[in-house]
Amino acid sequence: MPRNGREQINIAVQPEVKSEWKDAIEETGRYESMTQLIRDSVENELRRIGYKEGVTEDIPSGDSQSIDVDMSGIEDEIAEMKAELRGVNQRIERISLATDAQQDTELMDLASELHDELPRVADPEALSEEPPIESGAWEGQPWRLAQEVDGSEYDVTRALALLEHQMSRVKSTTVIVDGSPHNVYYVQQ
């Protein structure tokens, strides 16, 4: 006879199985009763095998309570991983700095070589008035300097920018000839 409009099902299990289920209910705190454990387990199994549609597997649908779990082993492993990552990051930073220093040294060497090649100019405003052959300033164009030092125009331009930034007498200006702009570097005398 139905109780409260429900059908009753009786199942027989070994005493040790019943004891294990009771222990699980008490220890996990996820279930309020043996009935809830069985109902939720059957529902989850039906979802798992695809008989019923559901979003979650093996998660009880009843009210859950917080569970105390010993995470000390995991916390120790995470701490070790963080320490290893810090070490890796430090090694990467040292490699990066060494690489940058090597590049900077090469750039500084190129800048030093370019400084000797730059034309010396007393009056920068005269650059746009005089033809490049007479003033000698046109020798300070990055593409011409790149030919002189046998380097790429990109590296020469970077080295010239570094020189201009670090040395107050190294200057650059744009000379317009026949409507075309020409960037020229020089040492002001």
(message) Cβ-Cβ distance below 9 Å, separation of 6 or more or different chains: which pairs start in the stretch 1-15 with a residue that is part of a loop (DSSP other than H, G, I, E, B) and end on one that is modelled with pLDDT of 85 or more?
(response) I9/I38; I11/I38; V13/W21
(request) Could you figure out which of (1) in a helix (DSSP H, G or I); (2) at pLDDT 80 or above; (3) over 28 Å from the mean Cα position of the chain (by Cα) isn't true of S168? (result) (1)
(message) Looking at E53, E16, can you tell me which residue is open to solvent by 80 Å² or more (accessible area, probe 1.4 Å) and at pLDDT 85 or above?
(response) E16
(message) Need the failing condition index for I133 against (1) open to solvent by less than 100 Å² (accessible area, probe 1.4 Å); (2) at pLDDT below 75; (3) among the β-branched types (V, I, T), just the number.
(response) (1)
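The values are calculated or read from the model by the stated rules, or taken from the named source; none is laboratory data. Treat the numbers as computed from the prediction; the structure is a model and nothing was measured. Ideal geometry is used to build each Cβ from the backbone, glycine not excepted, and the neighbour counts take in all protein chains shown. Each accessible area value is taken on the protein alone, full model and side chains, heavy atoms only, with ligands, DNA and RNA left out. Shrake-Rupley method; radii C 1.70, N 1.55, O 1.52, S 1.80 Å.
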